[in-house]
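Computed from the coordinates by the stated procedures, all read-outs in this text should not be read as laboratory data. Everything quoted here is computed from the prediction, not taken from an experiment. Reconstructed Cβ throughout: ideal geometry from the backbone, glycine too, with neighbour counts over all protein chains shown.
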Amino acid sequence: MLRINNVYRSFGSKEVLNGVTLTLKPASLTGLIGPSGGGKSILLKIIANTARASSGSVTFDEGLSTADVGLMFQEGALFDSLSVYDNVAFPLVGGKVPTNSLPVDEREDVCDKVSEILARVGLSRAAYKMPGQISGGMRRRVSLARALVSRPKILLLDDPTSGLDPVASSVIIDLIVELHREYRPITMIVSHDLRRLLPVVERIVGLFDGAISFDGSLDDLRQGASASIRSFVSCRFELGSPAIEQVPTV
Ligand SMILES: Nc1ncnc2c1ncn2[C@@H]1O[C@H](COP(=O)(O)OP(=O)(O)OP(=O)(O)O)[C@@H](O)[C@H]1O
Ligand SMILES: [Mg+2]
């Protein structure tokens with residue numbers, strides 16, 4: 001279990017998170033949605049301990065700690081001087097790169113894991129390219145592979161589909177869902193691609209102006225969400241009309 005307890009964060013006089021409280025259950029798959037600037041990325045960074053809350057806390061139960069969090073940053077954050085392969089290997093080797101200087105037995109294990117995940121994100125042939133030699137969409141897949149390679153128990157993915165065409169976006173979402181089924185990490189995905197995200201997650205959390213203004217399933221979203229959330233979602237996803245109460249005829 002991971003608990004976000006009344007987290008606030010401001011930058012200067014701007015309140016970005018206004019008391020966010022959220023519990024993520026073991027093995028859960030959650031989609032975090034909301035408008036640009038709503039605080040999604042800063043919330044993920046606070047969970048991963050790469051940014052600090054102004055007040056409030058993040059706590060972990062059941063043997064989990066902040067070291068179990070794998071975060072894919074929205075901005076990618078690849079090391080430009082390392083190959084695709086070494087970027088992906090980085091979390092496995094505690095930063096001991098380049099990996100060709102590792103002892104052979106260690107190198108083999110790293111190689112198996114990196115090769116498997118590169119194949120799954122469709123980048124086997126780009127392993128020895130440098131980040132500057134591949135496309136933006138490929139770079140996003142490298143940073144996704146780097147977040148996934150160590151199979152972290154808590155997986156936070158910040159906009160893994162951004163800049164991808166619809167087919168590539170589906171492939172990435174399907175891969176995340178498949179990995180989630182395989183080893184059941186606590187997973188939270190941020191995406192603006194609601195058409196692909198909403199049907200596959202178990203729980204949808206809406207972060208609007210730094211506060212959680214929706215928390216429920218897709219059915220709940222279809223039936224019970226407020227007008228402002230419905231209008232945000234329905235611009236990007238076919239929600240259908242809200243259920244109309246049946247008025248008994250006499
Ligand atoms: N390091 C920073 N310094 C100053 N302001 C920041 C910083 N990081 C984030 N902010 C501000 O916090 C607010 C929330 O930003 P955040 O990146 O969390 O939004 P987001 O929901 O992830 O948006 P998007 O969907 O565009 O990625 C924005 O107004 C942003 O300008
Ligand atoms: Mg963001």
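Couple of notes before you dig in:
- Length gained when the stretch S150-R3 is fully extended (0.36 nm per residue, less Cα-Cα span): 50.7 nm
- GNM flexibility winner over the chain from S124, S135, S55 (Cα, springs under 10 Å): S135
- Per-residue ellipticity at 222 nm from helix content only, as computed over the chain with -39500 (n - 2.57) for each DSSP H run of at least four residues, stands at -9500 deg cm²/dmol.
- E106 sits among other residues whose Cβ lies under 15 Å from its own Cβ, and their net charge, with Lys and Arg +1 and Asp and Glu -1, is -2.
- Distance between the pseudo-spin-label points of D165 and C235 (7 Å out from Cα toward the beta carbon): 2.6 nm.
- Top of N18, N87, N100 by mean-square fluctuation, Gaussian network on the chain, Cα under 10 Å: N100
- Euclidean distance between Cα centres, region 121-179 to region 184-214, Å: 18 Å
- For the chain, lysine pairs separated by 8 or more sequence positions, or belonging to different chains, with Cα-Cα distances below 30 Å total 18.
- Centre-to-centre, using Cα atoms only, region 37-74 and region 82-99 are separated by 23 Å.
- Taking every alpha-carbon pair under 8 Å whose residues sit at least 6 apart, region 2-234 reaches a relative contact order of 28 percent.
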